[in-house]
Amino acid sequence: MSNEASVHEQSYLGAPHGLASWLLTKDHKRIAILYLISITIFFAVGGTFAAMIRAELVTPQGDLLSSDLYNKVFTLHGVIMIFFFLIPSIPATLGNFLLPIMIGAKDLAFPRINLLSWYIYVIGATVTLAAVFNGGVDTGWTFYTPYSSMSSNTSVTTAALGVFITGFSSILTGFNFIVTLHRMRAPGMTWFRLPLFVWAQYATSLVMILGTPVVAITVLLVAAERALHLGIFDPKIGGDPVLFQHLFWFYSHPAVYIMILPAMGVVSELVAAMSRKQIFGYSFVAFSSLAIAIIGFLVWGHHLFVSSQSIYAGLVFSIITMMVAVPSAVKTFNWTATMYKGAISWESPTFWIFGFMGLFLVGGLTGLFLGAMGLDIHLTDTYFVVAHFHYIMVGGGVMGFLGGLHFWWPKMTGKMYNETAGKIAAMLVFFGFNATFFPQFIVGYMGMPRRYHAYPPEFQFFNVLSSAGAVLLGIGYTMIVIYLIYSLIKGPKAPANPWGATGLEWKIPSPPITHNFSEMPVVTEEAYDYQHAPAPQRGVK
Amino acid sequence: MSTPTTTRHPKLQEHFYNMDQQLEASTLGMWVFLVTEVMFFGGLFMAYIVYRHMYPHAWVEASHELNWQLGGLNTMVLIVSSLTMALAVRAAMLSEKKQQVFYLLTTMALGTVFLVVKFFEYKAKFEHHLVPGPHFNPALEQGMQIFFSLYFMMTGIHAAHMVIGLGIMTYIVINAAKGTYNAEYYGPVEVAGLYWHFVDIVWIFLFPLLYLLGRHGA
Amino acid sequence: MCVSVFLALLVFTAITVWVAGLDLGPLNTPVALGIAVTKGTLVVLFFMGVRWNTPLTKTVAISGFVWLLILFGITMGDYLTRGWLGVPGR
């Protein structure tokens, strides 16, 4: 068994051994695991900052954290969760692992660049953490000028450079996916036989390559303004800080779709598999991903309603914002129609997607409130906004990520986790999440502004409720880490296709071999052909 | 290494099925990367448009301060280097080793000339107090400092791309001298060429927008 | 082929320098940009070989510029209409 051919026939986890073989790997599956470990660490760090925020807000007085420290804590919570957890979460882990397998390829088109993207992520993360230990950052994750460029005396330059560097890891991932999808599909794998997860990854990759460079140059300009006195946004010499907001949101609004589109792709897979039905309206779901990616680029000005942006531009942005709801609704309706008269099995992934749909619905509809220009004047910078984007980014993005992780965990690791624990964790997270963030809608509508460490006593009831919910949420997330790690040690061996799902990834062993396929697959069937799908290999109750 | 790859080209990576797929993937990859580069410079051009709209007069005045002769010279230098780069790619496709190396070295020499000229331009700006910041000439009109901030960002990032390009070319020319590239395997030369031409195109836009703006009023 | 494209690029460079010396009023910028676009297109089509490349490469090459126009167009939509309502500021 010493020759190379047989090494490639072994599980990707086993051969070759050693830390160096992981840190220098070109295998997309191992890189996905490296990413999974890193983003989990950052999720824990960002979560710790969130816990500090919630602990401070239990009482109306700003007694636990000073206002300076509070500013730094919510900034780092935002920066870490967005740039180091949510944006790479699904694409760099599940996408990296599954995309080549789903299209029948041995690897991504550029394996070395894929590894490079992880190293760039690690370097960017290190630079940002250096900013944390060097006094922190207090600008909010949005780095708005002129505060970030002129007033703040914290490590803005370092943090901005960290974000700049990390941007390139996201660009490289997106670029790799696009080339892979165009050039590496197996024979017979036409565009309309691709799993919808792959379509969603494609749309996400478009946003990554078209938007990320703009935010990269924007934060670089802020860094240059601080370090080199090159004034681009400096009002003192005639610059316009609103230009920063335009350039920033040109990326950062579509970035929300980087977080939610892959989760939608996961849900499309899971809905079909868990109700054992062909997805309803395949091409509508596929094209709605592209529509969300494209329309998502035309709406950034709804973050600028209360800046000095022209009211006419605001009007147009407001109207286009309403249009994003159409493709999102198409997806939600199609998932519902897929489940209608389906044989729904209550496995733990099912719990996560039901959670996703409920929370995403609330998050999406409250987005319409905020997109309406008049109402937004009242709601700008209140907790209503905070609640809205947590419903999308945590309720949508993280629920989708965890759903996908539970669904593909047996494939990725070759081990089954405890099903009951999975269901309990999903319920804890769902109820904990609602308890945390629903009160924030109310308190925000009542006028509680975000980003303050003290607040009037009449808001205390809602804030205590919110902090109590956060405890549940924290227990739920910790539980997941524990039972998933436990499954690695003691979990039963996973069969090749535990859910009886369709798709190329379920036709190969769990965990896959290094080269994914022993011989080149030839695809002859449509996606989601559940009439001819194999029965689940673990009992469906 | 007893894999059954007797018919595979030694430069074919194992996850590709054949050389055509590998070549197509690498050129498409470079094009997608160039799209990100377009957007990267795009942010700067956006700032340029906004501030030119706000300060049309200061823009013309500031443009007078740039040396259009040197800018024009650099434009010529880059166009010639694009030609030699295109010829280098063609030489690689035709398996002409000596020509490849010659054209690649010429391209690199021209790139270096560009950077040297740029260096002297920057030096003059320091001497004339046109570098934004505390030493910027305070007598100049509102908006001119933004022009020079953008001038240094745009040309500075462009020059950084040239330096990276020279690094890539060094790698390519060493391999070309070893006879790595030929009609069957010339992807890296072509991809490096695409990058070089793109950097040239950016300059083609920077030259009239920065240097020639104020010439008719002079 | 390469050499004739190269000569065309040199000629256009000369023209753009010459035209910049004339005062064409509002046409100054469009003419300068038109020449730059022509030069850029020549490089893309011939030196970068898009002319002989697949439709996909052509689409990718164009899409970058289309997206740039979206950024420019929508942002300027704000700056150009700011004065309309007579609000203080811009």
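Taking amide H atoms as placed 1.01 Å from N in the peptide plane, list the residues 5 or more away in sequence, or in a different chain, whose amide H sits under 5 Å from that of A:THR382.
For A:THR382, the qualifying residues are A:ARG450.
Per the Kirkwood treatment, what hydrodynamic radius in Å, one decimal, follows for segment A:239-364 from the mean inverse distance over all distinct Cα pairs?
15.9
So how tilted is helix A:156-183 from the main axis of chain A? Cα-based, degrees 0 to 90, rounded to 10.
For A:156-183 against chain A, the angle is about 30 degrees.
Need one number: convex hull volume per residue for the protein assembly as shown, Cα atoms only, in Å³.
Working: hull volume 138.8 nm³, N = 849.
Residue-normalised Cα hull volume stands at 164 Å³.
Taking the simple approach of a point 7 Å from Cα along Cα-to-Cβ for both A:ILE37 and C:LEU80, what is their distance in nm?
5.4
Rounded to whole Hz and in sequence order, give me ³J(HN,Hα) for segment A:28-36 from the Karplus expression 6.51 cos²θ - 1.76 cosθ + 1.60, θ = phi - 60°, writing x for Gly and Pro.
After applying 6.51 cos²θ - 1.76 cosθ + 1.60, I find 4, 6, 5, 5, 4, 5, 4, 4, 4 Hz.
Along each principal axis of its Cα atoms, how long is segment B:19-217 end to end? Whole angstroms, biggest number first, please.
61, 31, 29
How long are the three semi-axes of the equivalent ellipsoid of segment A:1-96, in whole Å, if each is the root of 5 times an eigenvalue of the C-alpha gyration tensor, listed from largest down? Don't skip to the end; give the middle numbers.
On the way: eigenvalues 360, 25, 17 Å².
In descending order the semi-axes read 42, 11, 9 Å.
Determine the relative contact order of segment B:19-217: mean sequence separation of Cα pairs under 8 Å and six or more apart, normalised by residue count, in whole percent. Mind showing how you got there, number by number?
On the way: 188 pairs, mean separation 76.3, N = 199.
Answer for segment B:19-217 is 38 percent.
I'd like the FRET efficiency for A:TYR119 and C:LEU27, computed as 1/(1 + (r/R0)^6) with the beta carbon distance as r and R0 of 35 Å, rounded to 0.05. Walk me through the intermediate numbers first.
Details: r = 50 Å, r/R0 = 1.43.
Computed FRET efficiency for A:TYR119 and C:LEU27: 0.10.
Taking the Cα centroid of segment B:17-38 and of segment B:59-111, what is the distance between the two, rounded to the nearest whole Å?
23
Suppose the chain between A:ALA337 and A:TRP191 were pulled fully straight at 0.36 nm per residue; how much longer would it get relative to their current alpha carbon spacing? Present the calculation step by step, with values, prior to reporting the outcome.
Values: separation 146, 0.36 × 146 = 52.56 nm, distance 2.29 nm.
That works out to 50.3 nm of additional length.
Quick one: longest stretch of chain A between exposed loop chymotrypsin sites (Phe, Trp or Tyr not before Pro), exposed meaning at most 15 other C-beta atoms within 10 Å and loop per DSSP?
Working: sites that count: A:TYR340, A:TRP346, A:TYR452.
Looking at chain A, A:1-339 is the longest stretch - no exposed chymotrypsin sites (Phe, Trp or Tyr not before Pro) with at most 15 other Cβ atoms within 10 Å.
Based on the Kirkwood radius over alpha-carbon pairs, what value in µm²/s does the Stokes-Einstein equation return for the translational diffusion coefficient of segment B:1-135 at 4 °C and 1.567 mPa s? It would help to have the intermediate numbers written out before the result.
Values: Rh = 19.5 Å.
The Stokes-Einstein estimate is 66 µm²/s.
Dividing the Cα convex hull volume of segment B:36-113 by residue count, how many Å³ per residue is that?
Details: hull volume 8.2 nm³, N = 78.
Residue-normalised Cα hull volume stands at 105 Å³.
Per the Kirkwood formula on distinct C-alpha pairs, the Rh of segment C:1-52 is how many angstrom?
Working: mean 1/r = 0.0855 Å⁻¹.
One decimal place: 11.7 Å for the Kirkwood radius.
What is the distance in Å between the Cα centres of segment B:175-213 and segment A:205-245?
27
Tell me what chain A gives for mean residue ellipticity at 222 nm when only DSSP H runs of n ≥ 4 count, each as -39,500 (n - 2.57), the sum divided by the residue total, rounded to 500 deg cm²/dmol. Spell out each step's value before the answer.
Values: 17 runs with 332 residues, N = 541.
Taking each H run of at least 4 residues, the total per residue is -21000 deg cm²/dmol.
Tell me, what is the percent relative contact order of segment A:164-267, built from C-alpha pairs under 8 Å that lie six or more residues apart? Kindly include the intermediate steps, with their values, before the conclusion.
Values: 95 pairs, mean separation 37.8, N = 104.
RCO, segment A:164-267: 36 percent.
Given the DSSP H assignment, sum -39500 (n - 2.57) over each helix run of at least 4 residues in chain B and divide by its residue total; what's the result at 222 nm in deg cm²/dmol, nearest 500? The partial results should precede the final answer.
Working: 6 runs with 156 residues, N = 218.
About -25500 deg cm²/dmol.
Kirkwood hydrodynamic radius, chain C, all distinct C-alpha pairs: what's the number in Å?
Numbers: mean 1/r = 0.0623 Å⁻¹.
Result for chain C, one decimal place: 16.0 Å.
For segment B:83-100, just list the computed ³J(HN,Hα) in residue order, Karplus coefficients 6.51, -1.76 and 1.60, θ = phi - 60°, integers in Hz, with x standing in for Gly and Pro.
4, 5, 5, 4, 5, 5, 4, 5, 4, 5, 5, 8, 6, 8, 5, 4, 4, 3
Give, to the nearest whole percent, the P(r) tail of segment A:27-532 beyond 46 angstrom, counting all Cα pairs.
Details: 10983 of 127765 pairs.
Counting every Cα pair in segment A:27-532, those more than 46 Å apart make up 9 percent.
At a temperature of 10 °C and a viscosity of 1.306 mPa s, determine how fast segment A:297-453 diffuses translationally according to Stokes-Einstein, using the Kirkwood radius over alpha-carbon pairs as Rh; express D in µm²/s, rounded to the nearest whole number. Numbers along the way, then the final one.
Working: Rh = 17.3 Å.
The Stokes-Einstein estimate is 92 µm²/s.
Determine the relative contact order of chain A: mean sequence separation of Cα pairs under 8 Å and six or more apart, normalised by residue count, in whole percent. Before the final figure, lay out the partial values.
Numbers: 918 pairs, mean separation 100.7, N = 541.
Across chain A, relative contact order equals 19 percent.
Between A:GLU526 and A:GLN460, with labels modelled 7 Å along Cα→Cβ, what's the label distance in nm to one decimal, could you check?
Here the answer is 6.1 nm between the modelled labels.
A short reminder: the numbers here are calculations on the coordinates, not readings from a lab. Because the structure is a prediction, the values reported are computed rather than measured. Quick reminder, even Gly has a Cβ in these numbers, built from the backbone with ideal geometry, and neighbours come from all protein chains shown.
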